[in-house]
Amino acid sequence: MAINWFKYSAPATFYELAGKLVPWFAWPSALLFAIGVYIGFFVAPTDAVQGEAYRIIFIHVPSSILSMFLYLIMAGYAALGLIFNTRLSSMMASALAPTGALFAFISLWTGALWGKPMWGAWWVWDARLTSELILLFLYLGFIALHASIDDPRRADRASALLAIVGSVNVPIIYFSVKWWNTLHQGSTVKFTGTSMHVAMQQAMFSVLAACWLYAIAVTLARVRSIILERERNTQWVAELPEARS
Amino acid sequence: MNKLSLFGLLRLVIGRDLMLAMRRRADVLTTLIFFVMVVSLFPLGVGPELDMLRKMAPGVVWVAALLSSMLSLGRMFSADYLDGTLEQMLLAPQSLSVLVLGKILAHWMLSGLPLVLMAPVLGLQFDMPVQALWVLIASLLLGTPVLSMIGAVGAALTLGLRGGGVLVSLLVLPLCIPVLIFGTGAVEAVSSGMSAVSHLSLLGALLLLALVLTPWVTAQALRISME
């Protein structure tokens, strides 16, 4: 029996599949987020060194992780779209970009909120802060380039090339910023050597899982809109029940 | 024409771009004047204390170089794009990457090299010691070609777009940060009594990496933009 591996690489079939998948990611995400935040705020003990303010890491760490991973995933989809000329991969890349930028922004924002009580400053030119800021700039550049080209196919390919160049550059930027910082000033505040409390781990991992599921759900929902927008002149869109009414 | 070697092709493209620029000298001069002006504005903004100026000098010169190289990026392909030359270059049987490399080198000679030559004069304005000045020149000499090369990718991607000038800065500036860091780092290392070799070696590594990758990426970007 021949299986059609590429069935869901067509926007028309993927539109339907994504519509069915969205609730399966959205609801567990909301549930896990509620559990994680509950454990984080009410179960996890107060940190010996950092007091109550450390609890912001339950949001901060997952969003930082997500912002970095989503850039790589976005660049991967963009490369697929560029190499194999598949429409859906490019749509996925442009659907991922706003979510990645959002996570990068949340990560910077919560980092600043955490830095004020801990370091006594909203912003420190720490290597990780700086490279996160540059990551946000890279996302914004991707979105801006995509938005300023009218022809969607050319926009896909041009921004794909930018994303690939960016992902080659990300390690270089990271290490350059790291060396720059260590040359300038001494070590920054680090997490104290003690291992994390179990409740802290539970809170962190459930929020992390919630963020992953959220990112997937939102990307699928957004890619559905992009598909509809790009394929609005096709037969199958005209035959959709939601388009007919 | 068929016997044209890669090196001959490179020389041909560079010679053509230099000649075109010589016919319109104002363009080259404007970038240089912009560079001088931005650097001269800093002491007016932060005050004339020589101690502070000496400390700031490498950063100011490098940021000004970065900005003025952004300013001239728009010119790299746009004239050729508008009069159809670029289309002929894409159709040419010779390697597009080499053609692009020629254009990048010509762009550097017109926008990067004048800055390198001008930098010592500006460094003296900031009371930089002679040793630091030499390192500044060396770092600019290694770094400004990288700026032209990364900039070429941005210029090719934004070819013929509305508001391309601002957009190209948005795309290219984050990618240029390592060059800025190592460039200023080299001068600061010398000023604080350390060796600048590690920074300069890293800049050289960036230059080699960019030399290998960016002409090809720019050629791909041009093909995307010219479809």
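The values are calculated or read from the model by the stated rules, or taken from the named source; none is laboratory data. These numbers were taken from a predicted model, which means no experiment stands behind them. Neighbour counts are summed over all protein chains in view; Cβ atoms, including those assigned to glycine, are modelled from backbone coordinates with ideal geometry. These area figures cover heavy atoms from the full protein model, side chains too; ligands, DNA and RNA do not enter into them. Shrake-Rupley method; radii C 1.70, N 1.55, O 1.52, S 1.80 Å.
Semi-axes, largest first, in whole Å: what does sqrt of 5 times each Cα gyration tensor eigenvalue give for chain A?
So the three semi-axes of chain A are 37, 24, 14 Å.
Of A:Trp5, A:Met92, A:Ile226, which is farthest on the positive side of the dipole of chain A, counting Cα position, with +1 on Lys and Arg Cβ, -1 on Asp and Glu Cβ, and the Cα centre as origin?
It is A:Trp5, whose Cα lies furthest towards the positive end.
For the protein assembly as shown, what does the equivalent ellipsoid look like in terms of its semi-axes, each the square root of 5 times an eigenvalue of the Cα gyration tensor, given largest first in whole Å?
In descending order the semi-axes read 42, 35, 16 Å.
At 1.4 Å probe size, with every protein chain present, just tell me what the per residue accessible area of chain A comes to in Å².
Ligands and nucleic acids excluded, the result is 53 Å² per residue.
Note the angle between two axes, namely the Cα long axis of helix A:198-230 and the longest principal axis of the Cα atoms of chain A, as a number of degrees from 0 to 90, rounded to the nearest 10.
Taking Cα atoms only, the helix is inclined about 30 degrees.
Find me the longest stretch of chain B that has none of the exposed trypsin sites (Lys or Arg not before Pro), where exposed means in a DSSP loop (not H, G, I, E or B) with at most 16 other Cβ atoms within 10 Å.
B:25-161
Hey, any idea what % of the protein assembly as shown's accessible area is carbon plus sulfur with a 1.4 Å probe?
In the protein assembly as shown, the share of accessible area belonging to carbon and sulfur is 70 percent.
What percentages, rounded to whole numbers, describe P(r) for region A:10-56 computed over all alpha carbon pairs with 10 Å bin width beginning at zero?
23, 28, 20, 16, 12, 2
Between region B:161-213 and region B:41-83, what is the separation of their alpha carbon centroids in Å?
Result: 13 Å between the Cα centres.
What residue among A:Ile56, A:Ile83, A:Ile164 has the largest mean-square fluctuation in a Gaussian network model of chain A, using Cα springs under 10 Å?
A:Ile83
Helix A:57-84 sits at what angle to the longest principal axis of chain A, using alpha carbons and giving 0 to 90 degrees rounded to 10?
30 degrees
Using helices alone, I'd like the mean residue ellipticity at 222 nm for chain A: each DSSP H run of four-plus residues gives -39500 (n - 2.57), total over residue count, nearest 500.
Helix-only estimate at 222 nm: -26500 deg cm²/dmol.
Enumerate the calculated ³J(HN,Hα) couplings along region B:76-87 in order (Karplus 6.51 cos²θ - 1.76 cosθ + 1.60, θ = phi - 60°), each rounded to whole Hz, writing x wherever the residue is Gly or Pro.
Computed from phi, the couplings for region B:76-87 are 4, 10, 5, 5, 5, 5, 6, 8, x, 4, 4, 4 Hz.
To the nearest 10 degrees, how steeply does helix B:197-226 sit against the main Cα axis of chain B, on a 0 to 90 scale?
Between the helix axis and the principal axis of chain B, the angle is about 30 degrees.
With the other protein chains left in place, how much accessible area per residue, in square angstrom, belongs to region B:6-226 at a 1.4 angstrom probe?
I get 44 Å² per residue for this part.
For the protein assembly as shown, what number of Lys pairs, 8 or more residues apart or on separate chains, have alpha-carbon atoms under 24 Å from each other?
Value for the protein assembly as shown: 6.
Once phi is turned into θ = phi - 60°, what whole-Hz ³J(HN,Hα) does the Karplus curve with 6.51, -1.76 and 1.60 give for every residue of region B:58-73, x standing for Gly and Pro?
Taking θ as phi minus 60°, the curve returns x, x, 5, 4, 5, 5, 5, 5, 4, 5, 6, 6, 4, 4, 8, 5 Hz for region B:58-73.
For chain B, set up a GNM with springs between Cα atoms under 10 Å and report which of B:Leu12, B:Leu44, B:Leu99 has the largest fluctuation.
Judging by the Gaussian network model, the answer is B:Leu44.
Which of B:Gly154, B:Gly164, B:Gly102 moves most in a GNM of chain B, Cα contacts under 10 Å?
Among B:Gly154, B:Gly164, B:Gly102, the largest mean-square fluctuation in the Gaussian network model of chain B belongs to B:Gly164.
How long is region B:6-226 along each principal axis, judged by its Cα atoms, biggest number first, in Å?
So the extents along the principal axes, rounded to whole Å, are 56, 33, 29.
Could you pull out the trypsin sites (Lys or Arg not before Pro) across region A:1-96 that fall in loop regions by DSSP (anything but H, G, I, E, B) with no more than 13 other Cβ atoms inside 10 Å?
Hits after loop and neighbour filter: nothing returned.
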